[in-house]
């Protein structure tokens, strides 16, 4: 655990950016509050790691299985044409993947997604419904 880490200390900044959905084998799944890319989630490794290459063997396999599981659920629930995977951590040094559903008529299709366009926010009820539907498929 790193006390300065957004994912380790679960501070207010984290709660402002994302909604915790559930824990999987070795990760925690979050719904990104900014929903320009409908269904966008984050899969964060539970323990503090900063790079994918820090994981080995079973830990690496388990994390990638968690990422894969979330991507499959996103496909089933939101039917994107493609799921983009972003593993950036320049400013938030904790291993996490952004899973971004892409749609042919949606923003940035055929290009790189925008990290936080700050354009689309949902009602509390809409977030709740999304979290419930994603969580039910992940369990």
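We did not get these values from a lab; they are worked out from the coordinates using the rules stated. Predicted model, so just to flag it, every value in this text is computed and none were measured. FYI the Cβ positions are ideal-geometry reconstructions off the backbone, even for glycines, and counts take in every protein chain you see.
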Where labels lie 7 Å past Cα in the beta-carbon direction, separation of residue 59 and residue 129 in nm: 4.0 nm
Near-label residues of segment 35-49 by backbone N, under 12 Å of a point 7 Å along Cα→Cβ of residue 119: 35-38
Mean-position separation - Cα centroids, segment 17-55 and segment 87-139, in angstrom: 10 Å
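Per-residue ellipticity at 222 nm for the chain, helices alone: DSSP H runs ≥ 4 residues times -39500 (n - 2.57), over residue total, nearest 500 deg cm²/dmol? Walk me through the numbers before you get to the answer.
Numbers: 4 runs with 47 residues, N = 139.
Computed ellipticity for the chain at 222 nm equals -10500 deg cm²/dmol.
Would the chain count as rounded, prolate or oblate if I go by the C-alpha gyration tensor, calling it rounded below 1.5 in a/c and otherwise prolate when a/b exceeds b/c, oblate otherwise? Walk me through the intermediate numbers first.
Working: a/c = 1.43, a/b = 1.33, b/c = 1.07.
Here the chain falls in the rounded category.
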Label points 7 Å out from Cα along the Cβ direction at residue 139 and residue 77: separation in nm? 1.3 nm
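Once a ≥ b ≥ c are taken as the square roots of the eigenvalues of the Cα gyration tensor of segment 36-83, is the result rounded (a/c under 1.5), prolate (a/b larger than b/c) or oblate (a/b not larger than b/c)?
Numbers: a/c = 3.08, a/b = 2.08, b/c = 1.48.
Here segment 36-83 falls in the prolate category.
Taking 22 Å as R0, compute the FRET efficiency from the Cβ-Cβ separation of residue 23 and residue 90 and round it to 0.05.
Values: r = 26 Å, r/R0 = 1.17.
E(calc), rounded to 0.05, equals 0.30.
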